[in-house]
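My questions all concern the structure below.
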C-alpha cells in the first residue's frame with residue numbers, strides 16, 4: 001500500500017490593501033481596526049478588485065508554468081461561519097485566473113541524504129479568493145470572539161494534483177513553493193504567521209487499485225510538522241485498513257460542491273497577452289498585461305541553483321542551502337561565514353537566552369496563555385510560532401515547547 | 001419568502017391577477033394623486049403626441065398559459081433533501097406546508113423550460129459587457145473599529161461575539177436557524 005497526497009495551499013497575497021477593499025493588510029493590529037464597511041459586510045457595500053492582487057496571481061501563475069486565463073470569473077461560495085459576516089466568500093470556482101501549471105521540486109535521498117532527486121507536481125489551478133476573519137474560541141464562556149482584520153485579505157489558492165506519496169515530498173514541494181513566492185514578492189509564505197496555509201488530502205491504496213477514502217490534514221504551522229502529520233495519517237490509515245476497518249471521511253458540510261453562484265457584482269476579469277492586444281476602449285493604466293509582467297519575473301530559485309553549480313562548481317546539494325541565504329545574491333563576494341554572522345543565523349542554544357525570549361512571548365500574549373491554561377493546548381503552537389518568528393527560526397522547537405509548557409502551566 | 005401571487009399562479013398556471021406584476025394604466029384624467037406632481041407629469045406625457053417616451057411595460061398582459069404537458073415531470077423534495085437544505089440555508093421549513101410551498105415554487109420556475117436556450121451562453125451578470133474596474137493598491141479605508149463595534153449588541157473588548165452552534169456534530173454551524181412559516 002502506498003500513500004497518496006494532494007495539497008491545497010492558501011497563500012496570502014503580499015499587498016498593501018485587501019482584495020476587494022481599501023483596508024490595510026497587516027499581521028498584528030488592534031482587533032477590528034483594519035476593517036472597512038465592505039469587510040464587515042454592511043449592506044450597500046460592493047467589492048472593488050485590487051489590481052496588485054491580479055498581478056500577483058498572474059506572476060505566480062507564470063512562475064509555475066501555468067496557462068493564464070485571459071478571461072476569468074468570480075463566484076460566491078456560500079456557507080455560514082461567524083468569521084465570514086457576508087455568509088459567502090468571493091472566489092473563482094468556475095474559471096480561475098490560472099490553470100495547468102507545474103511545480104518542480106527536489107529532495108534528498110540516499111542514506112547520506114546527499115542524492116538530489118527532482119520531482120514535479122501538477123498544479124490544477126490558481127484562483128483568487130477572500131480570506132476570512134479570525135475566530136478565538138472561548139470554550140469556558142461558550143462564546144467565540146471574532147476579529148475581522150484578516151477578513152477580505154487576498155489569497156491565492158493553489159490546488160495541486162494528488163501526485164505525491166509521502167510527507168517528505170509534500171514538505172519539499174512546499175519549501176520550493178515558499179522560495180518561489182518569496183522571490184516573486186507575491187507572498188511572504190511564512191507558515192507560522194499564517195501567510196501560507198497548507199491542507200493535505202491524504203489517502204492510501206494499492207497501486208493500480210482505485211484511490212482510497214481521503215482525509216484532510218489541516219492547521220499545520222511549519223513544513224516539518226506538515227511532513228510528520230502527513231506520514232502519521234498515512235500510517236494510521238494503513239493500520240486501519242490492514243486491521244479490516246474503513247477510513248472515515250469527516251469532510252465538513254460546506255465543502256460540498258453546492259453553495260456556488262456567480263458573483264453578480266463583478267464583471268469578468270480580463271488580462272491581456274501584450275500591449276498590442278489591449279482593446280482601444282480600455283484605459284492602459286487599468287490593463288493587466290501578461291508580457292509586461294513576464295519581464296518583471298525575477299530569477300527563480302531553480303535557475304539560481306543551476307547557475308551556482310555551473311558558475312562556481314559547487315555540489316548540487318549545497319546549492320539548495322545557499323539559495324536560502326538571500327544575502328548572497330545582493331553581494332556575491334561575501335563569504336558564507338561572514339553572512340551567517342551578519343544575518344545572525346546561528347542557532348540559539350544558550351538556555352538563558354531561550355528562557356528570556358520565551359518569557360517575552362508569554363508576557364505579551366496573556367489571552368493566549370489563559371486559553372491554554374483552560375485546556376486548549378493547540379494555542380501553544382501559536383506561541384511557538386511567535387518564538388520562531390522573533391528568533392527568525394533559529395531555535396530548536398522541541399526545546400522551545402518544553403520551556404513554554406513549563407511557563408504556561 | 002415566496003410571494004403570495006407566485007403561490008396563487010403556480011396552483012393554476014393561469015395568467016396572473018391583473019393587480020399582480022403587470023402595470024395597468026389608469027384612465028386619463030381621473031387618477032391624479034393628491035400630491036399632484038408625479039402622476040400629472042406622467043399623464044401629460046401619455047397625452048403628448050410627439051412624446052419620445054416609450055414605456056417598455058406592455059399595455060395589456062402578454063401571458064399565455066403554459067400547459068402541464070409542456071413541463072418536465074414535477075420535482076418532489078425528499079425528506080433527505082429537506083434536511084440538507086435546512087442545514088445549508090439555516091432555515092426551518094420541514095413541515096408539510098413548507099415542503100408544499102417549495103414544490104409549488106419549483107413548479108412555477110419549471111415554466112422556464114419552455115424557452116429554447118440551445119446555443120445560448122448563460123448570463124450570470126448584467127455587467128458582462130462592462131470593464132471590471134481595478135483599483136490601485138492603496139489604503140483608503142479602515143480604522144473605524146468603534147463605529148463597527150457599535151453596530152453589535154454584544155462585544156467583548158473590541159471583538160465581535162458569536163454564540164457557539166447548537167448542532168455540535170460539527171462546530172461549523174455556529175449560527176442559529178431561522179424558522180420559516182409560510183402562509184399561502
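The values are calculated or read from the model by the stated rules, or taken from the named source; none is laboratory data. Keep in mind the model is a prediction, meaning the values are calculated, not measured. Note that each Cβ is placed from the backbone with ideal geometry, even for glycine, and that neighbours are counted across all protein chains shown.
Please enumerate the residues belonging to the stretch A:130-144 that are touching a residue at least 24 places away in the same chain (Cβ under 8 Å) and surrounded by fewer than 22 Cβ atoms within 10 Å (Cβ to Cβ).
At the first step, the residues of the stretch A:130-144 found to be touching a residue at least 24 places away in the same chain (Cβ under 8 Å) are A:130-140, A:144.
If the condition is that a residue be touching a residue at least 24 places away in the same chain (Cβ under 8 Å) and surrounded by fewer than 22 Cβ atoms within 10 Å (Cβ to Cβ), then A:132, A:134, A:135, A:136, A:137, A:138, A:139, A:140 are the ones that fit.
Let me ask something additional. Exactly one condition in (1) part of a loop (DSSP other than H, G, I, E, B); (2) modelled with pLDDT under 85; (3) crowded, with 18+ Cβ neighbours inside 10 Å is false for residue A:250; which is it?
(3)
For the stretch A:286-312, name all the residues that are within 14 Å of another protein chain (Cβ to nearest Cβ) and either assigned to a loop (DSSP other than H, G, I, E, B) or under 20 Å from residue A:118 (Cα atoms) (or both).
Once the filter is applied, which keeps residues that are within 14 Å of another protein chain (Cβ to nearest Cβ) and either assigned to a loop (DSSP other than H, G, I, E, B) or under 20 Å from residue A:118 (Cα atoms) (or both), the stretch A:286-312 yields A:286, A:287, A:288.
Output the number of residues of the stretch A:28-57 satisfying the condition of being in contact with a helix residue (DSSP H, G or I) (Cβ under 6 Å, 6 or more places away or on another chain) and more than 13 Å from residue A:154 (Cβ to Cβ).
Adding up the residues that qualify gives 6.
Still on this structure, please answer the following. Quick one: which of B:132, B:127 is within 8 Å of chain A (Cβ to nearest Cβ), touching a strand residue (DSSP E or B) at 6+ places or on another chain (Cβ under 6 Å) and either in a helix (DSSP H, G or I) or surrounded by 13 or more Cβ atoms within 10 Å (Cβ to Cβ) (or both)? Spell out how you get there, then give the answer.
Details: B:127 fails: touching a strand residue (DSSP E or B) at 6+ places or on another chain (Cβ under 6 Å).
Residue meeting the stated conditions: B:132.
Of the residues in the stretch A:10-41, how many are under 30 Å from residue A:167 (Cα atoms) and buried (at least 24 other Cβ atoms within 10 Å of the Cβ)? Don't jump to the end; show me each part of the working.
Our first condition is that a residue be under 30 Å from residue A:167 (Cα atoms); within the stretch A:10-41, this holds for A:10-14, A:27.
Then keep just the ones that are buried (at least 24 other Cβ atoms within 10 Å of the Cβ); that gives A:11-13.
Residues that pass the stated criteria total 3.
Moving to a separate point now. Suppose we filter A:388, A:355, A:370 for residues that are surrounded by fewer than 17 Cβ atoms within 10 Å (Cβ to Cβ), modelled with pLDDT of 80 or more and within 29 Å of residue B:158 (Cβ to Cβ); which single one remains?
Details: A:388 fails: surrounded by fewer than 17 Cβ atoms within 10 Å (Cβ to Cβ); A:355 fails: within 29 Å of residue B:158 (Cβ to Cβ).
None of the other options fit; the residue is A:370.
Separate question: Of everything in the stretch B:105-124, what is more than 8 Å from chain A (Cβ to nearest Cβ) and modelled with pLDDT under 90? Give them in sequence order. I'd like the intermediate steps shown before the answer.
The first filter runs over the stretch B:105-124 and keeps only residues more than 8 Å from chain A (Cβ to nearest Cβ), leaving B:105-123.
If the condition is that a residue be more than 8 Å from chain A (Cβ to nearest Cβ) and modelled with pLDDT under 90, then B:121, B:122, B:123 are the ones that fit.
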